[in-house]
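The values are calculated or read from the model by the stated rules, or taken from the named source; none is laboratory data. Please read these numbers as outputs of a predicted model, since none were measured by experiment. Backbone-built Cβ (ideal geometry, glycine too); neighbour counts: all protein chains shown.
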């Protein structure tokens with residue numbers, strides 16, 4: 001019998017270790033109407049929001065899933081973004097006191113608001129909505145609403161339980177500044193030590209949302225190597241915010257809106273935009289990152305496009321999940337459903353939509369929600385068994401540029417600063433949407449937020465879910481907007497529970 005060559009042994013070892021022979025990922029159903037948002041690093045705790053139109057409102061709020069207890073509502077509000085600490089012991093979310101206020105939850109102590117922490121509380125009457133909790137479970141960040149009149153000027157906030165022994169900063173709740181003459185900012189993630197927050201802000205040059213970072217309370221725009229401001233819909237970072245994942249800001253008539261990764265270090269910064277994967281529908285295509293692994297080698301999120309019927313008619317806005325898997329020098333974009341199918345997991349094959357919202361630090365656990373074959377919103381968790389590895393073709397690979405020093409601060413005052421700060425224009429949905437059969441829905445901008453409802457005189461705040469999608473909490477309707485090639489809003493697509501494919505309402509002329 002001939003002896004195998006060293007090359008043959010190497011190939012056999014590579015095949016044995018390759019993804020094609022990896023264990024099939026395990027998908028766990030986390031229940032209907034569960035808009036899952038985050039997962040602990042060991043995958044043992046998953047948090048989200050339950051919103052059901054057909055139950056007592058007291059049955060809606062923040063959800064917590066464990067293998068032993070299943071999914072249960074622990075109180076709180078379906079507002080902001082519930083998040084969980086790395087060890088799964090502490091949840092950060094929003095509750096209702098005399099006003100909405102950010103709070104911590106533990107199994108032993110229940111809810112404790114920022115006003116109950118023996119630190120500087122939020123200003124009297126100001127709402128605070130939590131978007132993220134630090135990995136160690138001690139810090140929160142999100143957005144705050146001034147009182148008594150907000151003038152649409154929502155602002156980012158941070159909460160750090162420090163004192164003079166730790167460092168001379170914060171001592172509790174603190175408002176975060178906006179860019180120049182901006183009217184809106186929102187912090188969407190925070191570092192473990194509380195020295196860094198990331199998020200979005202408008203500027204005095206435009207109403208578009210720009211990616212920003214707060215370092216010990218000072219705000220700075222994130223820019224690429226050419227000094228152009230990065231636009232974004234939301235940002236996430238790893239434990240020390242040395243890796244920032246973003247994307248999804250605005251719409252483009254001519255090219256997809258890309259997700260990106262920003263690496264920070266003393267060696268220089270590195271910005272990498274991810275190319276779309278082959279075969280994707282490019283009609284109003286927009287990628288948005290919602291999670292990063294600790295190393296930044298796995299970025300997860302969702303991409304959105306308009307599905308236009310071949311014979312014409314009203315388009316339907318569709319959401320799908322993605323995984324970008326690589327290294328510092330580049331990586332490969334994968335559609336999540338295709339990736340799972342290649343590993344033998346077909347649980348999502350007949351799902352109309354799959355939204356990725358969170359991931360563990362090692363990339364092993366992925367969570368989100370979607371719309372299954374019966375048109376029901378369901379939460380889910382995927383266990384890959386280990387950090388996922390790239391399986392896509394070379395055509396889906398993006399090579400990342402080398403590190404560069406951040407652009408000099410004085411570039412902000414240069415004559416071309418307004419041009420470099422012009423992020424993609426985003427037409428705000430507004431006005432009346434309806435058909436000749438009397439079906440109507442009204443939308444009104446409220447700063448960066450939207451109000452909506454079936455009656456113009458009874459509009460309520462819509463819950464943003466990312467990617468230009470919203471939840472009407474009073475009716476349980478999931479709402480998305482369709483756009484033309486110029487990015488202008490053309491219609492509204494709404495669905496609720498198991499009511500079928502939903503309504504498609506054209507935008508009526510102003």
task: Determine whether region 215-225 contains at least one residue that is over 25 Å from residue 334 (Cα atoms), surrounded by fewer than 22 Cβ atoms within 10 Å (Cβ to Cβ) and modelled with pLDDT of 95 or more.
output: no
query: residue 447: under 25 Å from residue 144 (Cα atoms) and surrounded by 20 or more Cβ atoms within 10 Å (Cβ to Cβ), yes or no?
result: no
- line: residue 241 passes all but one of the listed conditions (1) assigned to a loop (DSSP other than H, G, I, E, B); (2) surrounded by fewer than 22 Cβ atoms within 10 Å (Cβ to Cβ); (3) touching a residue at least 40 places away in the same chain (Cβ under 8 Å); the exception is number (2)
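Every residue, every condition in (1) surrounded by 23 or more Cβ atoms within 10 Å (Cβ to Cβ); (2) under 20 Å from residue 368 (Cβ atoms); (3) modelled with pLDDT of 95 or more, yes or no:
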| residue | (1), (2), (3) |
| --- | --- |
| 250 | no, no, no |
| 256 | no, no, no |
| 265 | no, no, no |
| 274 | yes, yes, yes |
| 278 | no, no, no |
| 291 | yes, yes, yes |
| 326 | no, no, yes |
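Restricting the search to region 332-367, which residues are on the phi > 0 side of the Ramachandran plot and buried (at least 18 other Cβ atoms within 10 Å of the Cβ)?
Residues of region 332-367 that are on the phi > 0 side of the Ramachandran plot, as a first pass: 344, 363.
Answer for region 332-367, where residues must be on the phi > 0 side of the Ramachandran plot and buried (at least 18 other Cβ atoms within 10 Å of the Cβ): just 363.
Has region 213-236 got at least one residue that is over 25 Å from residue 140 (Cα atoms) and under 16 Å from the mean Cα position of the chain (by Cα)? Quick ask: steps written out before the conclusion?
Step one: of region 213-236, the residues over 25 Å from residue 140 (Cα atoms) are 223-229.
Adding the requirement that they be under 16 Å from the mean Cα position of the chain (by Cα) leaves none.
So far as region 213-236 goes, no, none of its residues is over 25 Å from residue 140 (Cα atoms) and under 16 Å from the mean Cα position of the chain (by Cα).
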query: Which of the residues belonging to region 450-466 are surrounded by fewer than 21 Cβ atoms within 10 Å (Cβ to Cβ) and assigned to a loop (DSSP other than H, G, I, E, B)?
result: 454, 455, 459
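Give region 39-54 a look and list any residue that's part of a loop (DSSP other than H, G, I, E, B), modelled with pLDDT of 95 or more and either under 11 Å from residue 368 (Cα atoms) or in contact with a strand residue (DSSP E or B) (Cβ under 7 Å, 6 or more places away or on another chain) (or both), or say none.
Hits for region 39-54 are 40, 43, 44, 45.
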query: Is it true that some residue in region 184-205 is over 23 Å from the mean Cα position of the chain (by Cα), at pLDDT below 85 and surrounded by 19 or more Cβ atoms within 10 Å (Cβ to Cβ)?
result: yes
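Just wondering, is there one or more residues in region 102-114 that are touching a helix residue (DSSP H, G or I) at 6+ places or on another chain (Cβ under 6 Å) and in a strand (DSSP E or B)?
Restricting attention to region 102-114, the residues satisfying the condition of being touching a helix residue (DSSP H, G or I) at 6+ places or on another chain (Cβ under 6 Å) are 102.
Filter again for in a strand (DSSP E or B), leaving 102.
Yes: one or more hits.
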- prompt: Of the residues that sit in region 408-433 and are within 14 Å of residue 480 (Cα to Cα) and at pLDDT 90 or above, which one is nearest to the chain's Cα centre (by Cα)?
  reply: 429
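Among strands (runs of 3 or more DSSP E) lying entirely in region 296-398, which contain 3 or more residues that are under 23 Å from residue 42 (Cα atoms)? It would help to see each step written out before you state the result.
Numbers: elements: 298-307, 316-327, 330-335, 353-359, 365-371, 377-383.
In region 296-398, 298-307, 316-327, 353-359, 365-371, 377-383 are the strands (runs of 3 or more DSSP E) which contain 3 or more residues that are under 23 Å from residue 42 (Cα atoms).
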- request: Please work out if residue 86 is more than 25 Å from residue 451 (Cβ to Cβ), assigned to a loop (DSSP other than H, G, I, E, B) and without any contact (Cβ under 8 Å) to a residue 12 or more places away in the chain.
  value: no
